[in-house]
Amino acid sequence: MGNGEAYGPRIRRLTGEAIGDFGMIVSGDRVLVALSGGKDSWTLLEMLEQLRRRAPVEFSLVAVTVHPGFPGFETGGIESYLRDRGFEHRIVSAPVHGLLLDKLGPDDTPCPLCARIKRGVLYTQAEQLGCTKIALGHHRDDFIETLLLNQFFNGRIKAMSPVLHADDGRNVVIRPLVYVPEEDIIAYASGAGFPVTCCACPACGDPDQKRVQVKELLARLEREHPGIKASLLASLGQVDIRHLLVRDRQRSGVQ
């Protein structure tokens with residue numbers, strides 16, 4: 001067993017724990033797995049497939065890749081891999097590239113708008129495919145980085161939800177990798193043989209500097225104080241509103 005493969009059982013266990021802790025998947029669910037082609041979404045699909053085969057509840061999977069229209073984004077490797085392994089899958093084209101060119105200025109960050117457009121496409125696909133859940137590949141580090149980014153730059157205590165009921169009243173988004181450290185995914189995916197594919201967005205070579213700074217800060221703190229990332233993630237489930245600056249406590253449910 002290679003070094004990457006050794007991480008598989010640990011990632012599967014953490015994914016199963018998250019699904020159980022938050023009731024992400026129930027019997028009869030049909031789960032749309034948002035497969036971008038990156039390491040996180042490939043790992044998510046593989047873990048859900050392994051759990052599907054072992055789980056006491058029956059559920060099904062369908063992988064959906066949104067082609068954003070960026071020149072150079074190739075889906076041939078994705079389609080071949082999924083077909084060879086018997087996954088139900090669909091490639092959907094969306095005019096993300098064109099909309100970004102129309103809507104954004106030269107100094108605007110494209111990622112938030114791109115994510116919103118893709119999310120809308122996934123919602124539509126979930127309805128067409130009869131899916132009850134949409135699974136995204138956000139991992140532990142995404143959760144805690146988002147928490148700190150919102151605190152540092154937006155003045156809000158907000159991260160992500162492991163289970164999100166969409167505003168449309170129908171779609172439910174789940175994030176089964178919430179407990180999984182990014183370094184585990186990197187190690188696992190490097191030896192798993194996934195056809196990892198970049199979306200070919202021009203901004204991929206120009207990372208969000210705020211997120212990079214937060215990632216570097218967390219990495220340094222984790223080296224100096226092992227376990228700090230786990231503590232930050234745990235804090236998202238241990239919120240004491242009585243000791244926060246919540247003005248209207250009656251409306252927030254605090255007596």
Open item on the list: What are the pairs with Cβ atoms under 6 angstrom where one residue, in region 149-161, is closer than 13 Å to LEU236 by Cβ and the other, located anywhere, is among the aliphatic types (A, V, I, L, M)? Sequence gap at least six, or different chains.
Closed with: ALA159/LEU147; ALA159/LEU236
Open item on the list: For region 181-200, check the following and say yes or no: at least one residue is surrounded by 16 or more Cβ atoms within 10 Å (Cβ to Cβ), among the β-branched types (Val, Ile, Thr) and at pLDDT below 95.
Closed with: yes
Task: First in region 35-56 and in a helix (DSSP H, G or I), second anywhere and basic (Lys, Arg) and open to solvent by 40 Å² or more (accessible area, probe 1.4 Å), Cβ under 8 Å, 6 or more apart - done: MET47/ARG12; GLN50/ARG12; LEU51/ARG12
- [ ] Filter region 40-58 down to residues that are modelled with pLDDT under 95 and touching a helix residue (DSSP H, G or I) at 6+ places or on another chain (Cβ under 9 Å) and give me whichever is surrounded by the most Cβ atoms within 10 Å (Cβ to Cβ).
- [x] ALA55
Open item on the list: Could you go through region 108-123 and let me know if any residue there is over 16 Å from THR197 (Cβ atoms), modelled with pLDDT of 80 or more, open to solvent by 30 Å² or more (accessible area, probe 1.4 Å) and of a type in the set (Phe, Trp, Tyr).
Closed with: yes
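Scan region 132-144 residue by residue and report those that are charged (D, E, K, R) and open to solvent by 20 Å² or more (accessible area, probe 1.4 Å). So that I can check it myself, show each step before the final result.
Filtering region 132-144 for residues charged (D, E, K, R) gives 133, 140-142.
Scanning region 132-144 gives LYS133, ARG140, ASP142.
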Open item on the list: Can you find, within region 1-37, the residue that is farthest from ARG140 (Cα to Cα) among those that are open to solvent by 20 Å² or more (accessible area, probe 1.4 Å) and modelled with pLDDT under 95?
Closed with: MET1
Open item on the list: Suppose we filter LEU129, LEU147, LEU164 for residues that are at pLDDT 95 or above, buried (at least 18 other Cβ atoms within 10 Å of the Cβ) and under 28 Å from GLY8 (Cβ atoms); which single one remains?
Closed with: LEU147
Task: Near pairs, Cβ below 6 angstrom, 6+ apart or cross-chain, from region 171-193 (closer than 18 Å to LYS229 by Cα and acidic (Asp, Glu)) to any residue that is outside any helix (DSSP H, G or I) and modelled with pLDDT of 95 or more - done: GLU182/HIS139
TODO: Answer with yes or no whether THR43 is touching a Leu at 6+ places or on another chain (Cβ under 6 Å) and polar (S, T, N, Q).
DONE: no
Open item on the list: For region 60-96, which positions are out of contact with any helix residue (DSSP H, G or I) (no Cβ under 6 Å at 6 or more places or on another chain) and in a loop (DSSP other than H, G, I, E, B)?
Closed with: PRO71, GLY72, PHE73, GLU74, THR75, ARG85, GLY86, PHE87, GLU88, PRO95
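The values are calculated or read from the model by the stated rules, or taken from the named source; none is laboratory data. Since this is a predicted model, take the numbers as computed values, not measurements. Cβ coordinates were reconstructed from backbone atoms using ideal geometry, including for glycine residues, and neighbour counts include every protein chain displayed. We work out accessible area using only protein heavy atoms, side chains counted, and drop any ligands, DNA or RNA first. Shrake-Rupley method; radii C 1.70, N 1.55, O 1.52, S 1.80 Å.
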